[in-house]
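Structure, as structure tokens:
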Amino acid sequence: MNDYFILIHGCIEPEEDKEKAAPLIERKSFNNFLKQILEMRLDLGHKSYVYCGKTAKGKMLRVPSDLVEENLLFYFDKELIGVRSTSNRKDSWYTLSTEVRKFIGLHARCLSIEFLRDTRELCESTEWKFMKLQCYSHQLPKNYNIVDLRPNIPHPNTAYVCLSNDCDNWRETVEFVPLYFLEICRLGSPKEFEQTMKKAERKVNEWFQLVSGICRGSPFEVDMPDMP
């Protein structure tokens with residue numbers, strides 16, 4: 001990885017005193033690489049270590065240790081142990097599971113799209129009180145997909161998640177919560193996330209109150225009475 005990259009909130013960003021064009025191209029290229037990553041390994045140096053990733057086509061890039069340990073494999077202890085086990089075996093690679101590759105893909109996609117990147121930062125920096133699953137009809141379709149970008153033509157089988165601290169004030173509301181942020185919440189609190197989504201489906205297109213709020217690292221809880 002070029003030395004003008006530093007890690008900010010899990011995102012590869014250029015240092016301020018470098019020219020902007022090249023780092024932006026590099027960041028896009030790096031995130032595209034992450035979307036295709038299939039295997040990882042750990043290379044030990046004299047005083048440090050670095051992770052390397054490889055795609056199915058054999059392309060290899062170094063991946064910053066903070067990014068791997070604090071973001072990409074933070075919720076996957078088994079995978080992290082597996083990757084680290086390659087350090088003592090020459091030319092050994094650990095094949096990532098489908099779930100991990102999906103999560104890494106969501107991470108890379110979120111950081112590649114400015115709207116998703118900014119919305120994710122807002123979601124993580126705020127503790128939210130209310131949530132809503134919004135769909136384009138009065139009833140939630142039996143088989144629906146959650147989207148996180150506003151479509152040009154709404155599809156009847158899609159829905160999106162909204163968060164708010166004041167349901168009557170659009171300035172206090174986030175529409176189209178990023179799929180990456182939702183996946184972080186699911187991995188961090190699986191049981192609470194499942195309960196919350198079930199309630200959101202029952203009360204589709206309606207706001208409901210959350211006990212502890214939602215932000216990165218805080219659980220979903222919905223056991224309190226609904227707001228009046």
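Of all the residues in segment 118-148, those that are of a type outside the set (S, T, N, Q) and touching a Pro at 6+ places or on another chain (Cβ under 8 Å) number 6. Residues of segment 191-223 that are aromatic (Phe, Trp, Tyr) and at pLDDT below 75: 220 alone. Does any residue of segment 151-163 turn out to be among the aliphatic types (A, V, I, L, M), in a helix (DSSP H, G or I) and over 17 Å from the mean Cα position of the chain (by Cα)? Within segment 151-163, not a single residue is among the aliphatic types (A, V, I, L, M), in a helix (DSSP H, G or I) and over 17 Å from the mean Cα position of the chain (by Cα).
The numbered conditions (1) without any contact (Cβ under 8 Å) to a residue 40 or more places away in the chain; (2) closer than 30 Å to residue 150 by Cα; (3) of a type in the set (S, T, N, Q) are all true for residue 125 except (1). How many residues are among the charged types (D, E, K, R) and more than 14 Å from residue 207 (Cα to Cα) if we restrict to segment 152-185? Residues that pass the stated criteria total 2.
Of the residues making up segment 187-198, those that are surrounded by fewer than 18 Cβ atoms within 10 Å (Cβ to Cβ) and either without any contact (Cβ under 8 Å) to a residue 60 or more places away in the chain or touching a Ser or Thr at 6+ places or on another chain (Cβ under 6 Å) (or both) number 5. State yes or no: is residue 159 small (Gly, Ala, Ser), within 24 Å of residue 105 (Cα to Cα) and at pLDDT 90 or above? In short, yes.
The values are calculated or read from the model by the stated rules, or taken from the named source; none is laboratory data. Only a predicted model underlies this, so the values are computations on that prediction, with no experimental measurement involved. Reconstructed Cβ throughout: ideal geometry from the backbone, glycine too, with neighbour counts over all protein chains shown.
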